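The values are calculated or read from the model by the stated rules, or taken from the named source; none is laboratory data. Please read all numbers here as calculations on a predicted model, not as lab measurements. Positions of Cβ are backbone-derived with ideal geometry, glycine not excepted, and every protein chain shown enters the neighbour counts.
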2 protein chains.
Amino acid sequence: MISKNDVKYIQTLFHKKTRDEERVFIAEGPKLVNELLTARITIKKIYALREWAEQQTKPDSITIVAEHELQKISALQTPNQVLAIAAQPDVMHEPNLTGNITLVLDGIQDPGNLGTIIRTADWFGIKQIVASNDTADKYNPKVVQASMGSLIRVSMWHKDIGEWLAQTTIKIYGAMLNGDNVFTANKISEGLLVIGNESKGIRADVLPFIRHSLSIPGRGGAESLNASVATGIILSHIV
Amino acid sequence: MISKNDVKYIQTLFHKKTRDEERVFIAEGPKLVNELLTARITIKKIYALREWAEQQTKPDSITIVAEHELQKISALQTPNQVLAIAAQPDVMHEPNLTGNITLVLDGIQDPGNLGTIIRTADWFGIKQIVASNDTADKYNPKVVQASMGSLIRVSMWHKDIGEWLAQTTIKIYGAMLNGDNVFTANKISEGLLVIGNESKGIRADVLPFIRHSLSIPGRGGAESLNASVATGIILSHIV
C-alpha cells in the first residue's frame, strides 16, 4: 500500500526541477529496474506488484502496491509491475575529451529520440554526451525508458554548446546534409561529433566550429533521417 | 467552421477498420500536407487555420477552422495548422522482389518506430516493406507523422511472414545478435532483409528462413539497438 504523500512526492519527480533538487530519477519495468539493481546505482525506494516483489532477494525492502496504485504513480501508458526511485549517479564536473569520442547534441528536444541516442552511443562504447540546454533532460522519464538502462553507462552534461565549443581544441565533426561521405570517412578514436535537430539542423552559432562535416549518402526521396538513426549510422562508420 | 458530422467522421478514421473501408488516411502539419499536395496523392478534404489556407493556391477548397476546432480533430498534442484526409495510394497486389531489396518487418508494433523505419528505407531507396500482421498499420496517424511523407514512396504489405517466406526463393538476410559482421559484409542489390522486434527478436517460425544473419558489432553495454537505428545501420553498410 502506498501513502498519499508518496503518490504526491513521486508526481513531483516528473518535473526536472524537483528531480535535480532531490538528485533522483524514476525508472519503471522489471528489465530496467533489474539493471539498476545489478549496477552500482543507489535505489531509494521500490514500489511493485506482489508477484514481482516475491521474485526478489530482498522482498522486505519493497513497498507492495496494487495495480490501481501503480497506475497512479506510473508515467507509462501501461504500468509494468515495478517503479523505482533511484539516485542520480555522480557525474564529473567536465567531460574528459582526450582519447575519447564525445557526442554533442544540439537541440534534441524529443525525449524518445534522446533516449535512443543514449542507447546507441552506449552500443558503440561512447561514454560521454554534451548537450545543448534545450536538449531533453537525461532523467526525463521518457528518456530513461527509451535509453533502456544505457543512461547508467553514459554521462551527460548540459551546456551552452556554442560557448563550450569555442574553448575546446579537439577535432570537431558534424552531421550535415552536404558533408564528406561518411561511408568512406576514416575511423576516428578521438573527437567531438555534433548531431543537430533533424528539422532545423545544427544551429548557426555552432556551425562555425564544425571542421569536418560528414554526410550519409541517400538515394531515395526522404529529406532527412531521424536524429538517432543518423547518429547510429555515422558511429557505425567512424568508430 | 467544421460540422459535428465531420468531427465524428474524422474521429472514426483513427481506427484502422474505418480507414481501410474508406481507403483514406489522415496527415497533419504544413510540411507533410504540402508534400502530399505536390505528390500524386488525392486529397479528399483539408481543414486548416486561415493563415495557412491563405498561403495556398486554391484556398477555396479548404475548410477554414478555428484553433479549438482543429484541436478536436487533431491526433497531435499540439495541432499544427492543417489536417488533410488523403486517399490511400493503390498498392500492387504483391511486391516485386526481383532486383530489389525488400524490408521484412517482424512485430514492429511501435508506430513511431515503424514511421522512422519507413523514412529510413526511403532514404536508402528501399521501396517495399512486407510486415507481419502484428506490425503497426502504415496509415496509423503516428506512423504517418513519423514517416514524414516517406510513406508516399514506400509500399507496404501486411502478411503472415512465416507462410510468405516459405514461398519465396530469393536470398533472405536477417538482423541477428550473433550473425556475420555487417561492417565487412558484401553489398547486395537484391534480397529480403528481416528486422525483428527489438526485445523479442525475430520470431521462431521466421528464423528457419534466414540464410544470412547479419550483426552490428558493439563495444558498449547496451543489450540491443532500437529497431529503426539497427535498420539504418545495416542498410548503410549493405545497400
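Quick notes on this one:
- Test result for B:Leu105, among the hydrophobic types (A, V, I, L, M, F, W, C) and not assigned by TED's automatic domain parsing to the domain that holds B:Trp157: no
- Scanning segment A:133-186 for residues that are within 23 Å of the chain's Cα centre (by Cα) and among the acidic types (Asp, Glu) turns up A:Asp134, A:Asp137, A:Asp160, A:Glu163.
- B:Lys138 crowded, with 22+ Cβ neighbours inside 10 Å and under 29 Å from B:Glu28 (Cβ atoms): yes
- Residue count for segment A:21-52 under the criterion of being outside any helix (DSSP H, G or I) and not polar (S, T, N, Q): the result is 17.
- A count restricted to segment B:105-137 and to residues that are out of contact with any helix residue (DSSP H, G or I) (no Cβ under 6 Å at 6 or more places or on another chain) and in a loop (DSSP other than H, G, I, E, B) stands at 9.
- In segment A:76-105, the residues that are buried (at least 17 other Cβ atoms within 10 Å of the Cβ) and among the aliphatic types (A, V, I, L, M): A:Val82, A:Leu83, A:Ala84, A:Ile85, A:Ala86, A:Leu97, A:Ile101, A:Leu103, A:Val104, A:Leu105
- Listed by position, the helices (runs of 4 or more DSSP H) inside segment B:141-239 whose residues that are surrounded by 21 or more Cβ atoms within 10 Å (Cβ to Cβ), within 11 Å of chain A (Cβ to nearest Cβ) and free of Cβ contacts under 8 Å to residues at least 60 places away in the same chain number at least 1 are B:141-147, B:227-238.
- So B:Ala75, is it closer than 30 Å to A:Lys200 by Cβ and modelled with pLDDT of 95 or more: no
- Unmet requirement for B:Thr57, which otherwise passes all of (1) in a helix (DSSP H, G or I); (2) more than 27 Å from the chain's Cα centre (by Cα): (1)
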